[in-house]
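S.K.: My structure is below; once you've seen it, I'll send some questions.
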Amino acid sequence: MTIQVEDLLNRLQKVKRNGKDKWMACCPAHEDKTPSMSVKVADDGRILVHDFGGCSVFDICGAIGVEVKDLFPPSHDHGWRSEEKRLVGAIRFTAMDALRGLSHEGAILAIMAADMAEGRVLAPKDRERLAVACDRISTALGYIQANDG
């Protein structure tokens, strides 16, 4: 389901227009008191989000209840030609690639573990994000075991 930029902006706080088809807002993926996230509608209809505080597009989308694919128009082919689409399925990743890709998930776990060690109770969205991190790590481990033995 593609999200319209107006619907995305309605899910954010302290939204301010910053030019034609550009906005700044507080990042929903971290405690943000001043806007640190830019939102832009690209010429091809994609909604681009970038948090200058370092949150990934996956974290941002997860915090507002959308998937990254929802930021793309339904007919968007990511600029790939048919040959490139065929090759994407053939790409192989090494165990090191998988571990590098999961460094952020480890940081999420460490931050939440520190909060829990200090007696803080995780909010429902934090518990959901923790579950996502655990699932991603488990999936990567399964991939590594299946492909690099």
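The values are calculated or read from the model by the stated rules, or taken from the named source; none is laboratory data. Computed from a predicted model, the values in this text were never measured in an experiment. Glycine gets a Cβ as well: all are built from the backbone with ideal geometry, and neighbour counts include every protein chain shown. When the accessible area is computed, the model is the full protein with side chains, heavy atoms only, and any ligands, DNA or RNA have been set aside. Shrake-Rupley method; radii C 1.70, N 1.55, O 1.52, S 1.80 Å.
S.K.: For the stretch 104-146, what does the accessible surface come to per residue with a 1.4 Å probe? Please give it in Å².
M.R.: 66 Å²
S.K.: For the stretch 27-40, what does the Karplus curve 6.51 cos²θ - 1.76 cosθ + 1.60, with θ = phi - 60°, yield as ³J(HN,Hα) per residue in whole Hz, taken in order and with x for Gly and Pro?
M.R.: Result, rounded to whole Hz: 6, x, 8, 8, 5, 10, 8, 10, x, 10, 10, 9, 10, 9.
S.K.: Still on this structure: Ratio of alpha-carbon Rg to the 2.2 N^0.38 Å globular estimate for the stretch 37-77, to two decimals, please.
M.R.: The stretch 37-77 yields a ratio of 1.15.
S.K.: Amide H neighbours of Asn18 under 5 Å, counting only residues 5+ apart in sequence or on other chains, H built in-plane at 1.01 Å?
M.R.: Trp23, Met24
S.K.: A further question on this structure: Residue by residue through the stretch 46-53, what is 3J(HN,Hα) from phi via Karplus (6.51 cos²θ - 1.76 cosθ + 1.60, θ = phi - 60°)? Round to whole Hz and write x for glycine and proline.
M.R.: Couplings: 5, 9, 9, 10, 8, 9, 6, x Hz.
S.K.: Now a separate question. Which ³J(HN,Hα) values, rounded to whole Hz and listed in residue order, are derived for the stretch 3-17 from phi using the Karplus coefficients 6.51, -1.76 and 1.60 in 6.51 cos²θ - 1.76 cosθ + 1.60 with θ = phi - 60°, glycine and proline given as x?
M.R.: Computed from phi, the couplings for the stretch 3-17 are 9, 7, 4, 5, 5, 5, 4, 5, 8, 10, 10, 6, 6, 9, 5 Hz.
S.K.: Using 0.36 nm per residue, how much length does the chain from Val132 to Ser103 gain when fully extended, once their Cα-Cα distance is taken away?
M.R.: My answer for the length gained is 9.1 nm.
S.K.: Here's something else I'd like to know. Count charges around Asp7 for me, please; just the other residues with Cβ under 14 Å from its Cβ, Lys/Arg as +1, Asp/Glu as -1.
M.R.: Charge balance near Asp7 sits at -2.
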